[in-house]
Amino acid sequence: MSTPDFKFLEEKPLQTAEEFSKSKFGHEEIANTLVKIIKNSPAPFTVGLFAKWGSGKSTVANSLKEKLPKENIPVVLFDVWKHEGDALRRTFLKETVRQLQEAGSEFFDKDFVLDDKLEQSVSRSSESRFTFPKEKLQQLAWPLILGIAAVAITGWAADYFGYFQFYQYFVTALFGSVTAGGLLLWLVKQSLQLFTTETVSYGADKFSDPHQFEQEFAHILCALKNPRILIIFDNLDRVMHDKVAEVLSTIKTFLEPQDVANEKREVVFLVPCDAKAIKQHLSSVYNPADKEGVNHAFDPDEFLRKFFNTIVWIPDFIPSELESFARSCLKETRVGLLDNDYVAWIITKAFRNNPRQVIQFTNILLANYLLVEQRQGPDKDFQDGFLKDNIPQLTKYLILNQLFPEEMDVLREGKSLDLDDALSMTLQTKTSKEFTGFIIQTKNIPIHDLRTFFTLRRSEQEKKFPGFESFVALLEDQSVDDAVKYFDQLGDFSQADLVANFSQAIKEKLESKTNPVSTVNLIHTLFAVLSQKNISLTATLYEEVNNILSTRCKQELHTIPPSILNDALLIKNSNYRLGVIPQWVVVLEDIGSGANKYKSNRDFAKAVFGIFATQPDYLDANQTQKVRELLGNNFANDIDIAKTIVASPTTQEKLVSPDYIRNFTNAIPNDGGAEDIILRLGVINSLQDTLLKSAGSETFVSKFTQIQTAQNQNTKPESFPEKSKVLEEFRRFISEHEPVFSVSGTAVKDAFVDSLSSGFNVTSDHNLRTVFVPILFEVKKLITSQKCIEIETLISSLVGNVKPDMLDSTLDGLSEENQNAFFDIPVLYETAANRALSDVPFREKFFARLAELRKKEFLERLLNTDFDRAFEYFESLGSKDTKYAFAIFGKVWSKFDSLTPVQKQRLFSFVNDHKANNDADIREVLATKISACLTNTDATLQQTGEEALGKAEHISKELKRRIAKESFDWVKKPEIVPKYQMHSLRAIVSQAEQLNQEEQNELVHFLFDEVVRLSLKQVHITGAFELLKELKPKYEERKQNFDDIRARIEKEENVDVKKVLVEGLYELKPSSTNKSNVDFWTWVDSQKS
């Protein structure tokens, strides 16, 4: 429904008294105040009326023009903006006279006329006279002079030859006739130019001297009927900088009437202006290079302070008054929907202190309202009710467009849908802070579909899907994230109707587009969004996209990332490949040739080859051959593409040709960065043996030689870690592709080995040299014996000097087979074994890597070198390696007799600690050696044997009995003196339970009879009693032995010996006595006391 009775508002200052009385902003009071100032101020007097643009300065000026004539004060209102292009002083004087004469004869002489010279120069008179041109006469001078000279010369000659008189007659006649005739002809010819008429004018120029204008202004003042006049310079702040300075200068320099003071003429000037704008104008004129923080001689504030005699400010408006004014303006439009609280509120917020802007914006709002109204209704852009629901939003949008055009352009160009998006954007504009502040302050009026307000129209698709055109714009601009947000608003795409309708909308949009670039951008972003949202559209849409890409957008197809096209089209339907794959191949040819027709790059090629690698069935036979040729001829040096096409055996077979392999290998830079070389060697190692052989094995070995030779030039220690990585790739090739390497010629392989040897020798640091060990060890089995010996010699020198940890980590880098075989090589074993004899840290690393046979061999060598060092090492061995020590115990036992007691003790401890490795033979020998110690008169050896027997819990009872029996038999021998062999007897007693009863009785009898009864040494007696205490003999059973000791006590004269005997017996006393022994123990007690 249209609005026939609308009204646009007039935008002009108030003119009449009736209008002034209706003003809601206090302009009437301001005008009355100025009347008082103008009537009573001294003259000349300059008043400043300061306020922002649109706040009513011109209204106040118009009010003064109505009020002051009633006080007999005429008013001249000079609009500086209106006359900006005119000459200021002339225009001002003419306008002053015009307005004063219009005011009436009661104020000004109606017959007053401005001086004619104000506008133009005035001519007074002229006269004519004859003139004779001197230049014409000057033209005759040279001919006359030349003629006279000729006559004089010929006269002299005639006189010299005697013909002077004849010559005189002849010359006189000839000269006279020629001269007279020539002069007459010349005068006739020049007669018109010899005499001319000249006119001379006399007059006065138009005013140009400032003093002339000042005098003319004084004449105007003299023509006033009343002494006082008000001159208003309005709209001064709207003109250019220079004009502002000119007006202010004119007021002070010649308009203030100094020359008519005696006439008592009183002039008051009123300058309504925006003070801030005036200051900017003045600064631009007097400080043209004005910069913040720079001090200048000119101060605009000081200038205005001196210029104005007084200043009146129009105060800020009361918000409620301004909102009421805005509401009245909206009502005045006669459009009911505009009479809205939100509309009035936001207009007031936007245009504070500026009623004129409120009026202007109300007209802008009305105009746009009428436009939208035309587009609202059935089958139109907007449904009925759109304006009713969106008037505040439309108002806000128009305000933002007016106040913040730069920021709105950013949103428009960025295809933003929601105004709130601006709050998260970084806007590089001067008013960005105010812009975002206004959005926040007016958030109660949200705008979620800016596109609607940008265009104030809707496409057919947008009628179905609001914001659709903005969505399309986002697709064309490839704004994936924002496009995804739009998708989130559409609904559930599992609904078939939504998918069908949306697909149709996209299809119609694609059909309507003609620009291939934007079309491809749209498709590209659409597919990216669909992939991210995991949404599929209709088959007809994909068919249309395929047709477009295969025809009118074929030349731009490559700008869509291949992976996106593959996922969206090619995987879905093999028919879609018929148009895409051939064009991809064309673009690959363009990239490879360097023609750059398609402005594509290697990233595109990499992506396409990656798809061919994972989907080799995409290519037919011809395309496969073309791709193989392209790879071999144009892309063989691209490492990323190479890694892609060697990813699987199937891909290699399909895409990799012998030419490609050769070209790729030869393209490896010999002196390139280690990282790049490593990557490229890794590609070669990924190839199948059949392909490598097809390219020629020597291709690779020769390239390896070249690379290694270049690497050898860098001897810096920090380069060796990278070298090790290159060497590892060489080793991998030899290990994983041994059949390829092995068929290379001997000379080629020898050259490679020589390059490795040279690299080994470029440094004397054996720790750095370790990087060569894995490759040297790997290659030696595939070369001649002579080269093999050279390699073993190099490695041997390293083994003898490298740090143990470094060698250990190096060997870890070998294959398990090579690790096991490393020290089986005689020269390497000998070097390492000799070093290990004295180098303990090395020995630990070395021994751990030896085979069983070598371990036994080394331990025997160590034993033969130094028993103590060997046993120290034996003791350090772990449980799994102890067996190797026991394996050589035959050699150990053979050295037993030559060992010191301490060494024997160490040997016994080792065997006992490891329980003789559960070896019966070793236990047998152990028992024999313990028995040998116990049957030796050397007390130290006896002690060694005793301690060993005490720890030999692991040996059998039979062996223990044998040791005890052999030891006891030895002690009993007559030749063993003294009989108290302390450690042997202790050992025997410790194993007494292994003896039979008869042997135990014999042992007790031996201790009583051979030691206690006969020994003279107290220590022997004491020791024997201690052993007897362990055996616990009973008086009833050993009555004779006890009585013999009693008899010795009774006879013993040595008090100390006697005491020891008594104490010894006392220690044997049982806890309780009986009839059989009570008398004996009573006697012992008596002796003890």
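The values are calculated or read from the model by the stated rules, or taken from the named source; none is laboratory data. Since the structure is predicted, the reported quantities are computational estimates derived from the model, not experimental observations. Using ideal geometry, Cβ is built from the backbone for each residue, glycine included, and neighbour counts are taken over all protein chains shown.
Residue by residue, here is whether (1) out of contact with any helix residue (DSSP H, G or I) (no Cβ under 6 Å at 6 or more places or on another chain); (2) buried (at least 17 other Cβ atoms within 10 Å of the Cβ); (3) modelled with pLDDT of 95 or more holds:
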site: ASP866; (1), (2), (3): yes, no, no
site: GLU872; (1), (2), (3): yes, no, no
site: SER894; (1), (2), (3): yes, no, no
site: THR944; (1), (2), (3): no, yes, yes
site: GLU947; (1), (2), (3): yes, yes, yes
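Please state which of the following conditions ARG305 fails to meet, knowing it meets all the rest: (1) closer than 26 Å to ASN368 by Cα; (2) part of a helix (DSSP H, G or I).
It fails just one condition, (1).
Quick check on SER283: is it modelled with pLDDT of 80 or more and among the small types (Gly, Ala, Ser)?
For SER283, the condition - modelled with pLDDT of 80 or more and among the small types (Gly, Ala, Ser) - is met.
Residue check, LYS430 against (1) surrounded by fewer than 15 Cβ atoms within 10 Å (Cβ to Cβ); (2) modelled with pLDDT of 80 or more; (3) not assigned by TED's automatic domain parsing to the domain that holds LEU337, all met but one. Which one?
It is condition (3) that LYS430 fails.
I need the full set of residues from the stretch 568-616 which are more than 33 Å from the chain's Cα centre (by Cα), in a loop (DSSP other than H, G, I, E, B) and charged (D, E, K, R), in order please.
Of everything in the stretch 568-616, just one residue is more than 33 Å from the chain's Cα centre (by Cα), in a loop (DSSP other than H, G, I, E, B) and charged (D, E, K, R), namely LYS572.
With among the polar types (S, T, N, Q), farther than 30 Å from ALA952 by Cα and crowded, with 17+ Cβ neighbours inside 10 Å as the only criterion, which of SER984, SER1072, SER1015 stands out?
On inspection, the qualifying residue turns out to be SER1015.
Okay, residues lined up against (1) at pLDDT 95 or above; (2) within 22 Å of ASP839 (Cβ to Cβ); (3) crowded, with 18+ Cβ neighbours inside 10 Å; (4) aromatic (Phe, Trp, Tyr):
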residue	(1), (2), (3), (4)
THR715	no, no, no, no
PRO721	no, no, no, no
VAL743	no, no, no, no
SER755	yes, no, yes, no
LYS787	no, no, yes, no
LEU807	no, yes, yes, no
GLN819	no, yes, no, no
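When you check GLU323 against the structure, is it modelled with pLDDT under 85, in the same structural domain as ILE445 (by TED's automatic domain parsing), of a type outside the set (Lys, Arg) and buried (at least 16 other Cβ atoms within 10 Å of the Cβ), yes or no?
Yes: the conditions hold for GLU323.
Would a scan of the stretch 949-959 turn up a residue that is surrounded by 15 or more Cβ atoms within 10 Å (Cβ to Cβ) and among the hydroxyl-bearing types (Ser, Thr, Tyr)?
no
Which of the helices (runs of 4 or more DSSP H) contained wholly in the stretch 447-522 include at least 1 residues that are of a type in the set (A, V, I, L, M, F, W, C) and touching a residue at least 60 places away in the same chain (Cβ under 8 Å)?
450-455
Here is a yes/no grid of residues against (1) out of contact with any helix residue (DSSP H, G or I) (no Cβ under 8 Å at 6 or more places or on another chain); (2) modelled with pLDDT of 85 or more; (3) among the aromatic types (Phe, Trp, Tyr):
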{"residue": "LEU371", "(1), (2), (3)": "yes, yes, no"}
{"residue": "ASP409", "(1), (2), (3)": "yes, yes, no"}
{"residue": "PHE438", "(1), (2), (3)": "no, yes, yes"}
{"residue": "LEU456", "(1), (2), (3)": "no, no, no"}
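Find all pairs meeting these conditions: Cβ atoms under 9 angstrom apart; at least six residues apart or on different chains; first residue within the stretch 33-49 and over 13 Å from LYS67 (Cα atoms); second residue surrounded by 17 or more Cβ atoms within 10 Å (Cβ to Cβ) and of a type in the set (D, E, K, R).
SER41/GLU266; PRO42/GLU266; ALA43/ARG228; ALA43/ARG265; ALA43/GLU266; PRO44/GLU266; PHE45/GLU266; LEU49/LYS57
Filter the stretch 669-689 down to the residues that are of a type outside the set (S, T, N, Q) and under 14 Å from LYS725 (Cβ atoms) and list them by number.
GLY672, GLY673, ALA674, GLU675, ASP676, ILE677, ILE678, LEU679, ARG680, LEU681, GLY682
Filter the stretch 52-99 for residues that are in contact with a His (Cβ under 6 Å, 6 or more places away or on another chain), buried (at least 21 other Cβ atoms within 10 Å of the Cβ) and among the hydroxyl-bearing types (Ser, Thr, Tyr) and give the result.
Result: THR59, single match.
Checking TRP970 against (1) more than 30 Å from PRO841 (Cα to Cα); (2) at pLDDT below 95, which single condition isn't satisfied?
Here TRP970 meets the rest and fails (2).
Conditions tested, residue by residue: (1) touching a residue at least 12 places away in the same chain (Cβ under 8 Å); (2) surrounded by fewer than 18 Cβ atoms within 10 Å (Cβ to Cβ); (3) assigned to a helix (DSSP H, G or I).
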| residue | (1), (2), (3) |
| --- | --- |
| GLN623 | yes, yes, yes |
| ASN633 | yes, yes, yes |
| ALA642 | yes, no, yes |
| GLU653 | yes, yes, yes |
| ARG662 | yes, no, yes |
| THR665 | yes, no, yes |
| ILE668 | yes, no, no |
| GLY672 | no, yes, no |
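Can you tell which of LYS117, LYS24, LYS7 is closer than 30 Å to TYR369 by Cα, at pLDDT below 85, out of contact with any Cys (no Cβ under 6 Å at 6 or more places or on another chain) and not aliphatic (A, V, I, L, M)?
LYS24
Could you check the stretch 877-892 and list, in sequence order, the residues that are more than 60 Å from the chain's Cα centre (by Cα) and buried (at least 17 other Cβ atoms within 10 Å of the Cβ)?
Across the stretch 877-892, the qualifying residues are TYR884, ALA885, PHE886, ALA887, ILE888, PHE889, VAL892.
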